[in-house]
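Here is the structure we will look at.
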Amino acid sequence: MPIVVDIDVMLAKRKMPVGTLAERVGITPANLAVLKNGRAKAVRFTTLAALCEVLRCQPGDLLRWEPQDSADLQSPDDGDLQDLTRA
């Protein structure tokens, strides 16, 4: 998946155990594990906001995009841009 979750990095920087983060955010340790291991299909903005509040960070400190292959780096062709502007 091209979205990488860096919760472990922030936990290490804050010297906070996973269980403490889960408790303070108000989610189960199992759900936090799904999120931090990159297995989550979605994250609620309220959960993301709570993570940022507890860890004192920005969403970009927790989530980043990495291309899977060279196709992800290509810009859309002119036809795609024209279709978007017509909507």
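Observations
- Amide H partners (placed H, <5 Å) of LEU63, local residues excluded: ASP6
- Sum of side-chain charges, VAL43 neighbourhood, beta-carbon under 15 Å (Lys, Arg +1; Asp, Glu -1): +2
Throughout, read-outs are computed from the coordinates displayed, never taken from laboratory work. Keep in mind that this is a model prediction, so the values were computed, not measured. A quick note on method: Cβ atoms are made from the backbone with ideal geometry, for glycine too, and the neighbour counts reach across all protein chains shown.
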